[in-house]
Structure formats: C-alpha cells, structure tokens
Amino acid sequence: MIVRRRWTAAATTVILFSAVLSHPASGAAAPAAPITLSATETALVRVQLRDQAQLDRLVATGADLANRPRIRDGRILADLVLSGTQLAELTAQGATAVQIVQRAGDGERHYAESVRAAQARTAAGLRAPATGQRSTAAAAVDTLQVQQAYWWTTTGQTFLQAQVATTATDDPDVEITVSWRTADGATGSFPLYRFEDSGEYQYHYALPQPVPGRPVQLSATSSLGGASRAVTPTLWPNATPPPLPAGYQKDFIDAYLTPTDIQARIKRLARQYRDLVDVIDLPNKTQGYRRNAVAYLGNPAAAAVVVESVRFGDQGMNGVQVRTVDPGRANRPLTVGYRDRVLTVSLATDTAGKAVSTTDEVAAAINARQPDRFRATVEDGSAGLPMPVAGPARLDDGLQGTEVPARPWTVQALRLGVHRDGSRVGVLAYSQEHAREWATPLVTLEFAERMLANSRTDPATRELLEQVDIFVIPTVNPDGANYSFNDFAMQRKNLVNHCVGAARDPKYRTSWGVDINRNYTVGSYFDGYVGASANCLSGTYAGTAELSEAESGNVIALAQTHPNIRFAMNVHSYGGYFMWPPGAYRADGRVTLPRPSIDESTLFLGSARRIVGAIAQERGTVTWPSQTGPVADVLYSAAGNSADQLYYELGIFAWDFEVGNDLWNPATNQWEGVGFQPPFDEAHGESQEYAGGLVEMVRVARDYAAAESAEGHGRTH
Ligand SMILES: [Zn+2]
C-alpha cells in the first residue's frame, strides 16, 4: 500500500551546491558530518522526503525504493538507491539526505574483507518532537482504543510499540499521545502518527520507542480530549523455540558468497551428506553473465551512433571494430562492409566529394545490411546530424568479472530430507531474487547446513528431516548476483536486457534487467496491480510478460513439480520484515488480492510469532509488530511477486523475510538501516538469526502436517 500519513513539520527546503548535503535544521539528531555524494556515484541513501506527494511521485516513476518509507518525528523517511544527480534533483525539490546507508564501493570492500578474514581463520526514538498539541479544555469528542501495545527487550534496551485508533476518523488533525509507566514507576510519553491506507484512516502508530524498563501500563489521550482505557502492554513475540541441545552445530558462514562459491557449497553438501541430499538442476538455464558488445561510433557528446553486436560479447564479438570512412571520391553511395572483424561504413559523398551521410542514414544502413551481426541506433541528441569520420571503435560487453564463466547458468536447488519422495510435507526457502541482497544466500545456506550437520548428532533435527522435505534455492538470480559482485554493487534485477532503441544506450547499462520478484503471474503489473513498471530501465521492471524470465520460471517449476510443498519463504533484505499475502493491490480502487481466511490468517500470524521468536534467539533481534503482517499492509504493493503466485495459485503458505533489521543507535536515539551489503559481521549475524527462523518454519510445517493428517486435508489448488 502507499502509506499515507500526516506530518506536522513544515518542509525544510535545502539549497544544494555540488550535491553536498547538510542535515536538516530540525527533526533529526544533531548533525554529523555533512552527507556528500558525487554526481556520478550511486549510493543507498535514507532520505527525508518533503511530503507525501513527493513519495507518490517517486513510486509512480518506478524509483528504486529499498524499504517501506517510515515516519519519524512526523517526517517521511525513504531508503532510495540514487546517483548524486538524482539526489541533487530530489534535494532541490525539498528532500534531505539523513543517512548514507551504503556507498557503491562498500559492498566490494565488505566482500574483500570477509574473504580475507575467512582465509585468515582457515590458516588460523527517538527524541520526542514538539507535538504542537492543542490545549483542549473542552469535553472529549472522541474515544480511543488501544489496538496493539507490545514491548520487548533487545541487547539490554526495552522498547514499546503501540497502535491506537480514534473514533474521530475523519479529522486529519487529531493528535494522539501515549503515556506509559514501567514496573519501577518510571513514566513517559510519546506522540503517534496518523496512518491511512487506501485513503482510509486505519490507526495512529509510531516506531518502537525506548523505555527504561518493562512497561506495565499504557494509555492514550487525544487532542480532542479523548482517552483510552489503560492497558498492560504484551510481550512480543512471546514465543520461544525449543532450546538448542548441547553441541548443536551452527556458524557455517565465514564470508560473503558469490554464485560460484554457492555452486561449490551445494556440491560439497551433496557429497558430504549423500544420504540426505539431492541436487536439483532447475529447468531454465539463465542467460548467463553476458552482454552484447557495444561501442559509440562517433562522439556521444557531439554526433554518434550506438553500434551493438546481436550476439553476446563472449561469442566472438568483443574486440570487433567499427568505423566510418570518407571514400575520397565524389558521388559515392553509403556502403557497409564487414570483413576481418571490422565493420566499415563508407559515407556517401556529393558532387564536390564532401561526405553527406547523416547519423540516421548510417544507423539505418547498418541495420539493413548487417542485421544478423549488428544493431545500430542513433545516440540521444544526435538525430539527423552529419555523420563524422570516426573510429575504429572497439565493441565490448563491458563486463568486469574475469573469473565468471560466460555461459548460461544452471540454477540449482538443494533437497534435504530422509524421505525425498513427496510423502512428507515440503518447505521451500529461496533467496537472492534480487542480486544485491548478498546476505540472503548466507541465510538459506546456513539453514541447510544446520539441518544436515545436526541430523547426525541431534535427534530433534533428525526427526525434522524424517518428517519434512526441504527445498532450498540459495541464489535465484546468479547472473544479476555476478554483476552485483563484479560490476555494479546495487544491481537488483537480472541481466536480460529487453530495452529497445535509445534505452539500449550503454549509458543505461546499470539500469537494464527484469525485477524477478515482479515477473510472476498473480496480481501482476499485466493484471493492473501496483508496484511494478513497464519501463525497462525501472528498478521494478516487470518484464515483457508474466514469467518471461528463466529465474522466476524456475521457482514456479520447482513448486509445481513438488506438490507436497506447503510452506515457502522468499528471503530478501533489508529492513526487518516478516510478511505474507496479499502482496499487491489494484491501481483502480486500491483493492488488494483476496485476504486469507480467518483460519489462514491465524496460521500466518501464529507461525510468524514463532518464527520471529526463533530469530530473536540468536542475538536478540526483534522484528517489529508493525512490520509483521501482509506485504501490502506493512511494506508496499509489489505487483507480480512470487509469494502471491505460490499462495493464490499453488496453495502454499508463502512468507517473505526482509532480513537485516534496523539497528538501534543509543547515541543518536535513532533506528539506522543496515543496507544490502553491510560489513560482514552484520551479514553474518543476519545469516545466523534468520537461519534459526527457517528452522522454526520447518517445525511449523511438521506441526501443520501432523494436525492435517489427523484431520485429512490436502493442499488447495
Ligand atoms: Zn529484495
């Protein structure tokens, strides 16, 4: 859903010079060093937006939103992948950068550090804003209901989160303040913010607030004089997994893993645990880490034609040259010839012997005479200009990863279990649909190896492998991942370029590809749902059709081929979410996909609490109640996402993780985002805690199957 909220502060307009940004004058913590980003640098930036309209424009234009926009101190915060130029534009429109979550080079450094460290081992709140609360002596005109009040403690700090509804639903100016008291008698208060969904008032809420101890009482008052009953906040998630037995083995992740590393890990696990593992080659090979070779013929700043090979660069086209020549004689026609790996365009001349071909004529001639080898388009701004004598220019695919095999990639799944014959309830965990989410395969591989290693020593793990058939796809999108590791850290999509015409200009090379998690069939862009784009350069490009991509087809093929799969977890990063369907709504009327039945909603939420509890067991990370729920409610509408197809079409209870919860910074009293490629220690922590969550999902499946066999239900299609 597009999140609609009220904000109370006036917009802070920041004048931007050379993309050097300063902190806002108010509404945030004391300024640290100014946030700077050069024009061509790409980074993940937490931006305080000017207003809801600015957010709506960003969503409508397919901005690369990394996270659900949040509200803090009444202002909207969004995490965006931006170039310095884009950030400058946004800032000129009134936005303010508040945190560089990750710079483009950070991932590469964190990867290198993680590998070095692994090798070494082998060898060896919130400030309370001024609420501007009206003083109201008049009689109450609204009543308040506390819908949720949860508390938890993590790393020694207790937090409180509340959700309160007013009966004055149509008054956008109602302000609600929550007051709390701890067991020790400490008291305090904080403001809530209005939350609308589909233009309808839902409730007021705030980010988790630090409190000095266990809260035992909470109540709310409104600016209209309304008051709630006092309630006792509930412990969240209040579910604890079985304790791990002595000697339980974990921590199988000691560095970030590239797709090649993942392939090797799959192979090793299959060899090491032969009796418990099958490796499944998924049916659709991907394009591979490959691109067409391309060159500018001419000067793109003056007059140029973009010449591209029809085949990939690795198919003999890297190094091919292209040039234009002056024939040196009068009255010559425009000709195109290709020999000895040189494409030569001889320009037409007039009666005086002057070259007279235009850029358009040169492009058209190449396309007409060499359609099997080359595609040519006129560079933006060069239409109709005289074509200069230029070149030879060398065509190149531009790929930097010299150790990545340039051939179609076979995506693999691990199948784990004692009975891998479809007779047991199936669970599917899959990760890295989005290339840049480097921590996610660490989660699924840690999970897989925990199940296998402990099956030999821990009877409880052995029993799970007796009862459950586990499928794991560690990297759904290896081509994009290879590109993210070698070329462009912020790559989200796959490597298939469906752009035509001017959008194939290599200056857009980091924007090509299909968003795999927008390419599925249910609630898709093609069905009129929100949260995907038809623009091939958008971060959420849906592809040419539903399941147009090998990668998405593989996930569905695995689920279809194994109808015993009843539970699935789609592992993404970052932000700390736990979600389930519906994941999309229609543009027209903002109608979501059907809500699960009461029984299924109960199962989704009850299981979520168990799994959130298991995640917290590792290092105390608690996924917020406000980020636990249906995708469309707690994150945003994601048209054509995989979980929706698994749930609505295949009857699978399909969840999504966003691993990488915000970290509380007690120095600034702020929640801070961790990004896609954090320093390895953080990614490692995520792998450990979320692997524990996946183990709990296996227990949920086992319990469900046991109850089901007692009742005799089957998967609903
Ligand atoms: Zn993702």
Below 20 Å, Cα to Cα, which aspartates and glutamates can K267 reach? Residues fewer than 8 away in the same chain don't count.
D251, D254, D275, D278, D281, E403, E446, E449, D469, D479
Once phi for every residue in the stretch 328-343 is put through the Karplus expression 6.51 cos²θ - 1.76 cosθ + 1.60 (θ = phi - 60°), the whole-Hz ³J(HN,Hα) values, with Gly and Pro written as x, are x, 9, 6, 6, 8, x, 6, 10, 10, x, 9, 8, 6, 6, 10, 8
Would you kindly calculate the translational diffusion coefficient of the stretch 654-707, applying Stokes-Einstein with the Kirkwood radius from alpha carbon pairs, for 20 °C and a viscosity of 1.002 mPa s, and quote it in µm² s⁻¹ without decimals?
162 µm²/s
Length added when fully stretched, E672-R394, from 0.36 nm per residue minus Cα-Cα:
95.6 nm
Provide the FRET efficiency to the nearest 0.05 for the D173-T351 pair, computing r from the beta carbons and using R0 = 51 Å.
0.05
Rounded to the nearest whole Å², what accessible area per residue is found for the chain with the 1.4 Å probe?
38 Å²
Share of pairwise Cα separations in the stretch 368-416, more than 18 Å, in percent:
65 percent
Residue by residue through the stretch 694-699, what is 3J(HN,Hα) from phi via Karplus (6.51 cos²θ - 1.76 cosθ + 1.60, θ = phi - 60°)? Round to whole Hz and write x for glycine and proline.
5, 4, 5, 4, 5, 5
Accessible area of the chain belonging to carbon and sulfur atoms, whole % at 1.4 Å probe
50 percent
Using the Cβ atoms and a cut-off under 15 Å, what net charge is assigned to the surroundings of P245, where Lys and Arg are +1 and Asp and Glu are -1?
+3
Two-decimal log10 I(q)/I(0) for the stretch 585-633, as the Debye equation yields it once each C-alpha is a single scatterer, q = 0.15, 0.25 Å⁻¹:
-0.52, -0.95
What percent of all Cα-Cα pairs in the stretch 613-717 falls in each 10 Å bin, counting up from 0?
12, 33, 35, 15, 4, 0
Under Karplus coefficients 6.51, -1.76 and 1.60, residue-wise ³J(HN,Hα) of the stretch 621-626 in Hz, glycine/proline x:
5, 10, 6, 5, x, 6
Hull volume per residue for the stretch 138-262, using the convex hull of the C-alpha atoms, in Å³ is 182 Å³
Based only on the alpha carbon positions, what is the Kirkwood hydrodynamic radius of the stretch 466-534, in angstrom?
14.2 Å
Go ahead and collect, in residue order, the members of the stretch 460-495 whose backbone nitrogen is under 20 Å from a label point 7 Å along the Cα-Cβ direction of T402.
482-489
Rg and Dmax in Å for the stretch 229-288, alpha carbons only: what are they?
20.5, 61
At what distance in nm do the modelled label points of A92 and A53 sit from each other, each positioned 7 Å from its Cα along Cα→Cβ?
1.8 nm
Only Cα pairs under 8 Å and at least 6 apart count here; give the relative contact order of the stretch 454-540 as a rounded whole percent.
21 percent
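Express the Stokes-Einstein translational diffusion coefficient of the stretch 217-370 in µm² s⁻¹, to the nearest whole number, given a Kirkwood radius over alpha-carbon pairs, 10 °C and a viscosity of 1.306 mPa s.
Answer, rounded: 67 µm²/s.
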So what are the radius of gyration and Dmax for the Cα set of the stretch 435-550, in Å?
18.4, 61
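Taking all pairs of different Cα atoms in the stretch 349-433, averaging 1/r and flipping that mean, what Kirkwood radius in angstroms comes out?
19.0 Å
Evaluate E = 1/(1 + (r/R0)^6) for D251 and A230, where r is the Cβ-Cβ distance and R0 equals 60 Å; express this FRET efficiency to the nearest 0.05.
Values: r = 45 Å, r/R0 = 0.75.
Taking R0 as 60 Å, the efficiency between D251 and A230 is 0.85.
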What ranking, highest mean first, results for peptides 527-536, 641-650, 270-279, 167-176 when packing means the other Cβ atoms within 10 Å averaged over each residue?
641-650, 527-536, 167-176, 270-279
What is the distance, in nm, between label points placed 7 Å from the Cα along the Cα-to-Cβ direction at T544 and at D326?
4.2 nm
For the chain, state the semi-axes of the equivalent ellipsoid (square roots of 5 times the eigenvalues of the alpha-carbon gyration tensor), sorted largest first and rounded to whole angstrom.
47, 34, 22
Counting pairs of Cα atoms in the stretch 528-610, how many percent are more than 15 Å apart?
74 percent
Expressed in nanometres to one decimal, the distance between label points 7 Å along Cα→Cβ at D281 and T187 is 7.1 nm
FRET efficiency for A118 and T561 from the Cβ-Cβ distance with R0 = 35 Å, rounded to 0.05, comes out at 0.50
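The values are calculated or read from the model by the stated rules, or taken from the named source; none is laboratory data. The structure presented is a predicted model; accordingly, all values stated were derived computationally and were not measured. Every residue, glycine among them, receives a Cβ derived from its backbone with ideal geometry; neighbour counts consider all protein chains shown. To get the accessible areas, we keep the full protein, side chains included, count just its heavy atoms, and leave off ligands, DNA and RNA. Shrake-Rupley method; radii C 1.70, N 1.55, O 1.52, S 1.80 Å.
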